[in-house]
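Single-structure report; data block below.
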Amino acid sequence: MRILVIEDDKDLNRQLVTALGDGGYAVDRAYDGEEGFFLGETEPYDVVILDLGLPKMDGISILEQWRRAERTMPVIILTARDRWSDKVAGMDAGADDYIAKPFHMEELLARVRAQVRRAAGHAKSEIECGNVRLDTKSARVTCDGQQVKLTSHEYRLLAYMMHHQGRVVSRTELVEHLYEQDFDRDSNTIEVFIGRLRKKLPPELIETVRGLGYRMHDGSDAA
Amino acid sequence: MRLNSLAFRLFITSAIWTLLVLPIAGFIIYELYKTDVQATFDGRLEKLVNAVAVDAMSGTDGVPIIPPNRYEPLFEEIHSGWYWQIQPLKDGEAGRRLVSQSLATGKLPSPQLEGVAESDTGSRWLNIDGPVGVRIRLVEVIDTVGHKKDELPYSIVVAGPVDWLESQLATFRTRLATALTLAGLGLVGVTLFQVRFGLLPLRKIERGLSDIRTGEATNLEGEFPVEIEPLQHELNALIRSNQDVVDRARTQVGNLAHALKTPLAVITNEARDSKGTLAAKVAEQATIMADQVNHYLDRARMAARSGVIGSSSDVANIVSPLVRALERIHQERGIQIAVTCPKTIKFQGEKQDLEEMLGNLLDNACKWANTRVYLTVRREDAPTASKSRSSGRLYIQVEDDGPGLTREQRNKIGKRGMRLDESKPGSGLGLSIVTDLVQTYHGRFTLAQSERGGLQVNLELPAV
């Protein structure tokens, strides 16, 4: 899951990036409106956290332009302006959620999880696939009730696959959604992580679709 | 007409002036007329006495002859008040004494013998009580038969009733008084009309200002007389500057909010991530600061507005975007908001305030609801129908199908910062902001058990 944080306050930006990174997300950051707008327009993000009062370009304009360009990723507005008129304006511009500063980091993480789930069409915070269970709230993975220890990259890969189970996910898509923008993108590393996951979890969980990518079986046809 | 009013001032000064001037004018006119009537009466008597003298003294045998009555028919009617008398000036002298038929056996005195001085025209005047007690006025000339000197001088006297004079004056007095009274009433009436008509633009201003207060209009509109036009301009400028001040204050408050809340968020997050008592203290105090900032920012927003000339806002136009936003915020739980709100209803107050109240109430309802939230808005004319158009009341009801609250919880919840369940996100200030705003608008806020299962919140607010 890849997230974009657009926030001009350096400290808050750092805190958000750290917290989201700890939560198992790949996080890109932007400190001003233009940079943020550009990233959101060109990179595939699963969630964007957008401050409204930004230098160079304000949040509402960024959001409106993205929506006009049919960028449909979930956007959570994070702002100090907490009047309902501001919230309504934000939601009307195309936001999916609205968090007023100051906020609890746990709440922000919960909202981010909710947006990710909503985008993938899941209702609960726990996702299952066969006997593997992923708790997005605590970032824990269990197999037959036994906790499986995963590195952060392994967790990211598994979480993305589980959110999109039943569908073929290409390597490029995985690279785009699992790594930060400035990460050295070598799609071979994906194969390495898939291999590690197959060792830690039932090997048949992730199926290789030759030439296309990988697929995880959803509950319906998991043998 | 109230005592302390421009209309009363104008009216009373004009009325006093009228009441003062009319009697004085009446007195002067009466005096002039009286003098004139007196002169006419005297002139007539003088003419008569001269005519009688000429006729009677034209005798040739040394005695006066009876003058033919060609002057005044009343000389022949007994005790008519009109008399003539010719007699020798000195008593006892052998001379002829002649009197008019009207005098009968009566006798008139000779003013000369009574010691009355001669006037410019050679006649003497005297007022006496006549033979039948009627007040009469005498005029006397002295002449001799054939106008010869050394003859026996006769006193020729003609008298007329003073009553006639009096009755003439009395008639005139009545007419004059009637005319002047009518004129006075007319003047007062005209003054009244003048005051009302003249002050009509002020009434218009009053209505215009009331429209501004209730939010029907944003400035004083219409054509005003040149004297009032500058006032209109100044007033409109004042309203505009007032609005500017409010807008500026609101912007500043918003900026302050932004400026304070981001650092607070940073401090809070940093402190939560760290261990130790200092971090815990900082986190705790930062949370208090955040609540205080929110509370006082809302207060400041309200204060910036209180006493400011009001406005009105369409309820339906506020509700639909709010509901859209809220349904989206609570999309994951699939909350539906059922709205019943007639299009024509208008809230008498700031759009943002109603938005704030409705937003917080609906958001709370959405957090607690299972699947549905109900919003019902209706308007009623206040039973105490005053003249003001702002007497309507707006009734807003927000219900949900959630778990609801017990009576005890309902009593607690309105208190500042009180939050019953910490598990639902939110600062806990939502309801206290609502109660503060309701108070600002002199409205009412009550909680009840909804028939739909959950909590029912009732708001009563002023409507246009």
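The values are calculated or read from the model by the stated rules, or taken from the named source; none is laboratory data. Note that the coordinates shown come from a computational prediction; the quantities given were computed from them, not determined experimentally. Note that each Cβ is placed from the backbone with ideal geometry, even for glycine, and that neighbours are counted across all protein chains shown.
Structural remarks
- Cross-chain or 6+ apart pairs with Cβ under 8 Å, region B:39-68 first and surrounded by 19 or more Cβ atoms within 10 Å (Cβ to Cβ), then of a type in the set (S, T, Y): B:L48/B:Y71; B:V49/B:S123; B:V52/B:Y71; B:A56/B:Y154; B:M57/B:T144; B:M57/B:Y154; B:P64/B:Y154
- Close pairs from region B:391-411: first assigned to a loop (DSSP other than H, G, I, E, B), partner among the hydroxyl-bearing types (S, T, Y), Cβ under 7 Å, at least 6 apart: B:D401/B:T371; B:G404/B:S450
- A:I62 vs. criteria buried (at least 21 other Cβ atoms within 10 Å of the Cβ), within 14 Å of chain B (Cβ to nearest Cβ) and among the β-branched types (V, I, T): no
- Taking (1) in contact (Cβ under 8 Å) with a residue 24 or more places away in the chain; (2) in a helix (DSSP H, G or I); (3) under 19 Å from A:V47 (Cα atoms) in turn, A:V175 satisfies each apart from (1).
- Test for B:G222: is it in a helix (DSSP H, G or I) and more than 14 Å from chain A (Cβ to nearest Cβ): no
- Among the candidates B:K367, B:K343, the residue that is at pLDDT 80 or above, surrounded by fewer than 21 Cβ atoms within 10 Å (Cβ to Cβ) and within 14 Å of chain A (Cβ to nearest Cβ) is uniquely B:K367.
- Pick from region A:139-167, criterion exposed (fewer than 15 other Cβ atoms within 10 Å of the Cβ) and not hydroxyl-bearing (S, T, Y), ranking: farthest from A:K124 (Cα to Cα): A:K149
- Number of the condition not met by B:A25 [criteria: (1) loosely packed, with under 13 Cβ neighbours inside 10 Å; (2) out of contact with any Ser or Thr (no Cβ under 7 Å at 6 or more places or on another chain)]: (1)
- Checking each residue in region B:239-257 for being surrounded by fewer than 17 Cβ atoms within 10 Å (Cβ to Cβ) and within 7 Å of chain A (Cβ to nearest Cβ) picks out no residue at all.
- Any hit, region B:161-178, residues being assigned to a strand (DSSP E or B) and touching a residue at least 24 places away in the same chain (Cβ under 8 Å): yes
- From the options B:A365, B:A316, B:A271, residue that is assigned to a helix (DSSP H, G or I) and not assigned by TED's automatic domain parsing to the domain that holds B:I433: B:A271
- For region B:268-284, filtering for residues that are facing chain A (nearest Cβ under 8 Å) and farther than 17 Å from B:H295 by Cβ leaves 4.
- Residues in region B:381-408 that are under 53 Å from the mean Cα position of the chain (by Cα) and at pLDDT below 85: B:D381, B:A382, B:P383, B:T384, B:A385, B:S386, B:K387, B:S388, B:R389, B:S390, B:S391, B:G392.
- Of all residues in region A:71-94, one or more are free of Cβ contacts under 8 Å to residues at least 12 places away in the same chain, over 28 Å from B:V293 (Cα atoms) and either more than 8 Å from chain B (Cβ to nearest Cβ) or within 20 Å of the chain's Cα centre (by Cα) (or both).
- The residue pairs whose first member lies in region B:16-32 and is assigned to a helix (DSSP H, G or I), whose second member is surrounded by 13 or more Cβ atoms within 10 Å (Cβ to Cβ) and charged (D, E, K, R), and whose beta carbons are closer than 7 Å, counting only pairs six or more residues apart or on different chains, are B:Y30/B:R173.
- Flag if A:R14 is more than 10 Å from chain B (Cβ to nearest Cβ), modelled with pLDDT of 90 or more and surrounded by fewer than 22 Cβ atoms within 10 Å (Cβ to Cβ): no
- Subset of region A:80-92 [buried (at least 20 other Cβ atoms within 10 Å of the Cβ) and modelled with pLDDT of 85 or more]: A:W84, A:D86, A:K87, A:V88, A:G90, A:M91
- Scanning region B:333-385 for residues that are in contact with an Asp or Glu (Cβ under 6 Å, 6 or more places away or on another chain) and polar (S, T, N, Q) yields one hit, B:N370.
- Scanning region B:42-58 finds one or more residues that are assigned to a loop (DSSP other than H, G, I, E, B) and in the same structural domain as B:G160 (by TED's automatic domain parsing).
- If the condition is being touching a helix residue (DSSP H, G or I) at 6+ places or on another chain (Cβ under 6 Å) and assigned to a strand (DSSP E or B), then region A:133-160 contributes A:L134, A:V148.
- Search result, residues across region A:102-127 that are at the interface with chain B (Cβ under 7 Å from one of its Cβ atoms) and touching a residue at least 24 places away in the same chain (Cβ under 8 Å): A:F103, A:M105, A:R118
- Qualifying residue in region A:102-111 (condition: at pLDDT below 90, charged (D, E, K, R), part of a helix (DSSP H, G or I) and in contact with a His (Cβ under 8 Å, 6 or more places away or on another chain)): no
- Considering residues of region B:426-464 that are among the hydroxyl-bearing types (S, T, Y) and out of contact with any strand residue (DSSP E or B) (no Cβ under 6 Å at 6 or more places or on another chain) only, the residue modelled with the highest pLDDT: B:T440
- Matching residues in region A:22-46 - criterion: being of a type in the set (D, E, K, R) and in a helix (DSSP H, G or I): A:D22, A:E34, A:E35, A:E41
- Criterion: modelled with pLDDT of 80 or more and aliphatic (A, V, I, L, M) - qualifying residue of B:L113, B:L32, B:L89: B:L32
- Scanning region B:92-144 for residues that are of a type in the set (S, T, N, Q) and in a helix (DSSP H, G or I) yields B:Q101, B:S102, B:Q112.
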